[in-house]
Amino acid sequence: MKKFQSVLLIICLLLGVLFTGTVTAQQGNLVVWVAASQEEGQNLVQAFSKHYPNINVDMIRAGSGELLTRLMAEQPKPNGDVIVGIAKEAFEGNIDLFVAYKTKNDAQIPANLKDQREVPKYYGFSMPLQAFMINTNLLTPEDYPKTWKDLALPKYKGQIILANPALSGSAYAQAYQMYTLYGLDFIKEVIANATFVASSGMVPESVARGEFAIGVTGEYNIAQHIDAGSPVIAIYPEDGTGARFDASGIIANGPNPENAKLFMDFLTSKEAYEVVFNTSSRRTVHPEVPGPGALPLLPEIKLIEYDDIEAARIREELTMKISDLIQ
């Protein structure tokens, strides 16, 4: 009888795994360092814990700079297992501090939105895509700019508002994209058409109010104004917008490496990206998860390579040259 009961128990356990698709026997601890918002981190941990209730998860929320400083200070045995939502260039600049691991969802993440090594050390998390914000009361569809190059057309003189790239990270990303596509002489032509402001937040506000016809801004800002009923739309340049993303990865020599792998498997699932979207409405790197508000799915947007390392390396030099042209 005991032997029969043991066999029956094993069969039940196997059936449970087969039909739920989830193994809950994993135990132990996990320490997750989160540079995303507190709410995003908490919601991700809660969703993970539904799959692995026997793993005790501690979450530490801090800015990416603080987390990187802590990571270096705690070498060679850091107390964290996974870091979530820091800039791609932060991974590349400290690549030896992270573990190569191909997650179960590797095939679902586009190649240009994860580490392109044979076995990735990081996967994309969310994306601050840049787009054109157009006031539809001021321009008709046939007059919408379609490409970055269009911004230099004489007909747009005085109709474009941009943030100063020396004062705004997102504005610098826009300038770097224009520079890599068409060079500094092209940027000079755009400057002749544009008004520059100190705060990137002034760009979407000014276009929404009808003070300017065209602004370049993060797509999330455009989505918010569309949802609020402003007469604006988003145009993604046909010559591409930079595939900028922040990322997540496993910390080398962390205390719980096997549980860290489980968390990365979860973090790269559609379910986890939907948690991020439902919490913050931010664009994620998963092709099947919606964009902010009424904006299109990721596969509908042309992405071009954005070299974060080079962008950081030449930032001071490029912003100085652009500042001289603006004055």
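The values are calculated or read from the model by the stated rules, or taken from the named source; none is laboratory data. Because the structure is a prediction, the values reported are computed rather than measured. Cβ coordinates were reconstructed from backbone atoms using ideal geometry, including for glycine residues, and neighbour counts include every protein chain displayed.
Hey, could you check segment 261-297 for residues that are outside any loop (DSSP other than H, G, I, E, B) and among the charged types (D, E, K, R) and say which is farthest from H225 (Cα to Cα)? The selected residue is K261. Against the list (1) under 30 Å from G240 (Cβ atoms); (2) under 17 Å from the mean Cα position of the chain (by Cα); (3) at pLDDT 95 or above; (4) not polar (S, T, N, Q), the condition G41 fails is (1). With respect to the conditions (1) touching a residue at least 60 places away in the same chain (Cβ under 8 Å); (2) within 21 Å of S230 (Cβ to Cβ), S200 falls short on a single one, namely (1). For H286, state whether it is closer than 24 Å to A198 by Cβ and at pLDDT 95 or above. For H286, the condition - closer than 24 Å to A198 by Cβ and at pLDDT 95 or above - is not met.
Checking each residue in segment 75-90 for being within 12 Å of A252 (Cβ to Cβ) and surrounded by 15 or more Cβ atoms within 10 Å (Cβ to Cβ) picks out P78, G80, D81, V82, I83. Among the residues of segment 117-133, those identified as aromatic (F, W, Y) and more than 8 Å from the chain's Cα centre (by Cα) are Y122, Y123, F132. Within segment 310-327, residues that are polar (S, T, N, Q) sit with their Cβ atoms under 6 Å from residues that are surrounded by 13 or more Cβ atoms within 10 Å (Cβ to Cβ) and not in a helix (DSSP H, G or I), at 6+ positions apart or across chains, in these pairs: T319/P165; T319/A166; S323/A166.
When the criteria are applied in full, S200 meets the requirement of being buried (at least 23 other Cβ atoms within 10 Å of the Cβ) and not in a strand (DSSP E or B). Of everything in segment 111-161 that is in a loop (DSSP other than H, G, I, E, B) and among the acidic types (D, E), the residue that is surrounded by the most Cβ atoms within 10 Å (Cβ to Cβ) is D115. Being within 20 Å of the chain's Cα centre (by Cα), at pLDDT below 95 and either crowded, with 19+ Cβ neighbours inside 10 Å or closer than 26 Å to Y122 by Cα (or both) is a description that applies to R244.
Annotation for segment 208-216: no member residue is of a type in the set (F, W, Y), closer than 24 Å to N112 by Cβ and out of contact with any Phe, Trp or Tyr (no Cβ under 7 Å at 6 or more places or on another chain).
Set side by side, the residues G28, G93 differ, and just one is at positive phi, touching a residue at least 12 places away in the same chain (Cβ under 8 Å) and surrounded by fewer than 18 Cβ atoms within 10 Å (Cβ to Cβ), which is G28. Only a single criterion out of (1) in a helix (DSSP H, G or I); (2) within 25 Å of P296 (Cβ to Cβ); (3) of a type in the set (G, A, S) is not satisfied by S230, namely (1).
Scanning segment 298-327 for residues being among the aliphatic types (A, V, I, L, M) and in a helix (DSSP H, G or I) gives a total of 9. Within segment 242-253, identify whether any single residue is in contact with a helix residue (DSSP H, G or I) (Cβ under 6 Å, 6 or more places away or on another chain) and farther than 28 Å from I309 by Cα, and answer yes or no. No, segment 242-253 contains no residue that is in contact with a helix residue (DSSP H, G or I) (Cβ under 6 Å, 6 or more places away or on another chain) and farther than 28 Å from I309 by Cα.
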